[in-house]
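*Asks:* First the structure, then my questions, so here it is.
The values are calculated or read from the model by the stated rules, or taken from the named source; none is laboratory data. Note that the structure is predicted; figures quoted are calculated from it, not measured. Counting neighbours? That spans all protein chains shown, and the Cβs are built from the backbone with ideal geometry, glycine included.
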Amino acid sequence: MLHAVIMAGGSGTRFWPASRKLKPKQLLALSGQRTMIQSTVDRLGDLVPKEQQWIITNQLLADAVREQLPELPSENVVGEPCKRDTAPCVGLAAAMIQRIDADGIMVVMPSDHVIASHEKFQAAIKAGEKLIEEDPTRIVTFGIKPSYPAESFGYIERNDAATLDAGDVSAFRVKQFREKPDATTAQEYLDRGTFYWNSGIFLWRASTITDALKKNVPEMSDHLSKIADAMGSTDFDSVLQKEFSAIKGTSIDYAVMESYDNVVVIEAPFPWDDVGSWQALSRLQDPDENNNTVVGQHIGIDTKGSIIVGQPDHVIVTIDVDDLIVVQTKDATLVAPKAAEERVREAVKALEERGMTDKL
């Protein structure tokens, strides 16, 4: 059976002040009426039954996630007691799924991406399933054909000589995973044409990933097995707290993907955006005649190329400004040049240092 695992534990600090500790970006509606995590579940359609959809989030957000996704079984929303990166997140889901479905296949995805075509997304997942059915030890990932030399994404280098039969999509054996590059290297990747952005979407048998974790990070695997063994028992919460907290966190790329020798990349046939920062809004909705992206009420006088986000009952007026980000919430306002958007994290850190935890 196919199971879907949605990773929803991120803090979304680059979307401060809208994104907060108790309501990070995956719980916000940044592109439409549905929140990002609701849209991620919507994308699955009938591909995966609701009882086989799993949300791995953090304990602080578990109830809010259940409230936003009442159609999912409550026990399928699992709250991690602490942040331990993506390998324990994936491993926990895999261990739990394997207990109830020994041959289960997992599609793993972040909760904060925008993928416009549900039909193309589901077709790509089905193509990946076919590749895994042909070779159960295979891992499938999805690469995004780069449209510019991005420095903020990891990359996947494909082996151009080994195209695989995956129906209507293009699939290649993976040659190497690459870390986020500098500007010169990113341009080189773009020019060579054999590199993809790493989407962070994966497909594999639960047994394949648990075996890989057991081999590469055995101590982590032991803790995860103990948690999975406690599924359905009255001790589950206490075992989860104890064993998960004892794990040394690392990413799934580092723990498995970079060293695994049977990885296939499907060139994603669907439009994709990782919605990593406020400038993503300009890609998700059409700017006005002055290239401003506006959410809320705005009066712009000689204002160009800016992103303006405000509360519905609040008017933002800008005069003679270019390329600004202005975000207003009920208790905080952000004003920054678009070129400095990565420094929003510094603002969050400064709030922490000053003890202004009510603004986080």
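*Asks:* Give the residue that is nearest to Glu133 (Cα to Cα), with candidates limited to residues of the range 164-177 that are touching a helix residue (DSSP H, G or I) at 6+ places or on another chain (Cβ under 8 Å) and either crowded, with 17+ Cβ neighbours inside 10 Å or aliphatic (A, V, I, L, M) (or both).
*Replies:* Ala166
*Asks:* Answer yes or no: is there a residue in the range 276-293 that is surrounded by fewer than 18 Cβ atoms within 10 Å (Cβ to Cβ) and in a strand (DSSP E or B).
*Replies:* So far as the range 276-293 goes, no, none of its residues is surrounded by fewer than 18 Cβ atoms within 10 Å (Cβ to Cβ) and in a strand (DSSP E or B).
*Asks:* Another question about this same structure. With (1) under 25 Å from Arg343 (Cα atoms); (2) basic (Lys, Arg); (3) surrounded by fewer than 21 Cβ atoms within 10 Å (Cβ to Cβ); (4) in contact (Cβ under 8 Å) with a residue 60 or more places away in the chain as the list, and Arg99 as the residue in question, which single condition is left unmet?
*Replies:* Tallying (1) under 25 Å from Arg343 (Cα atoms); (2) basic (Lys, Arg); (3) surrounded by fewer than 21 Cβ atoms within 10 Å (Cβ to Cβ); (4) in contact (Cβ under 8 Å) with a residue 60 or more places away in the chain, Arg99 fails exactly one: (1).
*Asks:* Checking the condition within 25 Å of Pro269 (Cβ to Cβ), among the β-branched types (Val, Ile, Thr) and over 18 Å from the mean Cα position of the chain (by Cα), which residue from Val169, Val217 passes?
*Replies:* Val169
Yes/no per residue for (1) within 28 Å of Asp358 (Cβ to Cβ); (2) without any contact (Cβ under 8 Å) to a residue 24 or more places away in the chain; (3) not polar (S, T, N, Q):
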residue: Gly305; (1), (2), (3): no, no, yes
residue: Gln311; (1), (2), (3): yes, yes, no
residue: Val315; (1), (2), (3): yes, yes, yes
residue: Thr318; (1), (2), (3): yes, yes, no
residue: Val321; (1), (2), (3): no, yes, yes
residue: Leu324; (1), (2), (3): yes, yes, yes
residue: Ala332; (1), (2), (3): yes, no, yes
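*Asks:* With the condition kept exactly as written, say whether any residue in the range 243-253 is assigned by TED's automatic domain parsing to the domain that holds Ala95, of a type in the set (Gly, Ala, Ser) and on the phi > 0 side of the Ramachandran plot.
*Replies:* Scanning the range 243-253, I find no residue that is assigned by TED's automatic domain parsing to the domain that holds Ala95, of a type in the set (Gly, Ala, Ser) and on the phi > 0 side of the Ramachandran plot, so the answer is no.
*Asks:* If you check every pair at least six apart or on different chains, which have Cβ atoms under 7 Å apart with a residue in the range 263-281 that is without any contact (Cβ under 8 Å) to a residue 60 or more places away in the chain first and a residue that is crowded, with 18+ Cβ neighbours inside 10 Å second?
*Replies:* Final answer for the pair search is none.
*Asks:* Can you tell me which condition Tyr148 does not meet? The list is (1) surrounded by 14 or more Cβ atoms within 10 Å (Cβ to Cβ); (2) more than 21 Å from Asp261 (Cα to Cα), and all the others hold.
*Replies:* (1) is the only condition that Tyr148 fails.
*Asks:* From Ile316, Ile325, Ile299, which residue is over 25 Å from the mean Cα position of the chain (by Cα) and within 28 Å of Ser11 (Cβ to Cβ)?
*Replies:* Ile316
*Asks:* Let me ask something else about it. Name the residue that is surrounded by the most Cβ atoms within 10 Å (Cβ to Cβ), counting only residues in the range 262-275 that are over 21 Å from Leu324 (Cβ atoms) and under 16 Å from the mean Cα position of the chain (by Cα).
*Replies:* Residue satisfying both the conditions and the ranking: Ala268.
*Asks:* OK, next. Does the range 21-79 hold any residues that are of a type in the set (Lys, Arg), under 30 Å from Thr357 (Cα atoms) and surrounded by fewer than 21 Cβ atoms within 10 Å (Cβ to Cβ), and which are they?
*Replies:* Lys21, Lys23, Arg34, Arg66
*Asks:* Cβ-Cβ distance below 9 Å, separation of 6 or more or different chains: which pairs start in the range 238-251 with a residue that is in contact (Cβ under 8 Å) with a residue 12 or more places away in the chain and end on one that is of a type in the set (Gly, Ala, Ser) and in a helix (DSSP H, G or I)?
*Replies:* Glu243/Ser225; Ile247/Ala87; Ile247/Gly91; Gly249/Ala87; Thr250/Ala87; Ser251/Ala87
*Asks:* Going through Lys349, Lys304, Lys338 one at a time, which residue ends up being closer than 16 Å to Ala18 by Cα and among the basic types (Lys, Arg)?
*Replies:* Of the residues listed, the single one that is closer than 16 Å to Ala18 by Cα and among the basic types (Lys, Arg) is Lys349.
*Asks:* Based on this model, can you work out whether Arg178 counts as among the basic types (Lys, Arg), farther than 22 Å from Arg205 by Cα and without any contact (Cβ under 8 Å) to a residue 24 or more places away in the chain?
*Replies:* It is false that Arg178 is among the basic types (Lys, Arg), farther than 22 Å from Arg205 by Cα and without any contact (Cβ under 8 Å) to a residue 24 or more places away in the chain.
*Asks:* So, Lys349, is that one surrounded by fewer than 16 Cβ atoms within 10 Å (Cβ to Cβ), outside the structural domain of Phe195 (by TED's automatic domain parsing) and more than 30 Å from Asp160 (Cβ to Cβ) or not?
*Replies:* Spelling it out, Lys349 is indeed surrounded by fewer than 16 Cβ atoms within 10 Å (Cβ to Cβ), outside the structural domain of Phe195 (by TED's automatic domain parsing) and more than 30 Å from Asp160 (Cβ to Cβ).
*Asks:* Does Thr184 meet the test of being assigned by TED's automatic domain parsing to the domain that holds Gly143, out of contact with any His (no Cβ under 7 Å at 6 or more places or on another chain) and over 29 Å from Cys89 (Cβ atoms)?
*Replies:* It is true that Thr184 is assigned by TED's automatic domain parsing to the domain that holds Gly143, out of contact with any His (no Cβ under 7 Å at 6 or more places or on another chain) and over 29 Å from Cys89 (Cβ atoms).
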